[in-house]
Amino acid sequence: MSRKAFLFTVALVLLCVIHASMAAVSQSAPAGEINGYVVSVDEKPVSNASVYLYHGGALVGVQPNPFVTNGSGYYGFNTMSPGNYSLEATKDY
């Protein structure tokens, strides 16, 4: 990763909303989603940023991973198992 991309990654502010939803038909663990917006330090949306999802330090095997943000900076991962996750966003210029 270039120095510029690294500095941008550090400067990103990740707004993350975690939703949990119970499956009505099943008694299995609840599924949830992780979604939000990638914005720059001046709070402008960052489009085409790659957002990576990690669980326990390992890249999570959900698709898509990475999620590429849309024009509004939005990203979203669905059908997630309960747990602690971390996100990383990068964008090369």
Residues within the stretch 43-93 that are at positive phi and exposed (fewer than 15 other Cβ atoms within 10 Å of the Cβ), tallied: 6
Filter pass, Ser72 being in contact with a Ser or Thr (Cβ under 8 Å, 6 or more places away or on another chain) and touching a residue at least 12 places away in the same chain (Cβ under 8 Å): yes
Filtered residues of the stretch 61-84 (kept if assigned to a loop (DSSP other than H, G, I, E, B) and closer than 18 Å to Ala31 by Cα): Gly61, Val62, Gln63, Pro64, Asn65, Ser81, Pro82, Gly83, Asn84
Inter-residue pairs, beta-carbon under 6 Å, first surrounded by 15 or more Cβ atoms within 10 Å (Cβ to Cβ) and at pLDDT below 90 and in the stretch 27-40, second part of a strand (DSSP E or B) and of a type in the set (A, V, I, L, M, F, W, C), 6+ apart: Gly32/Ala20; Gly32/Met80
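The values are calculated or read from the model by the stated rules, or taken from the named source; none is laboratory data. These numbers come from a predicted model, not from an experiment. All Cβ positions, glycine included, derive from the backbone under ideal geometry; neighbour counts span all protein chains shown.
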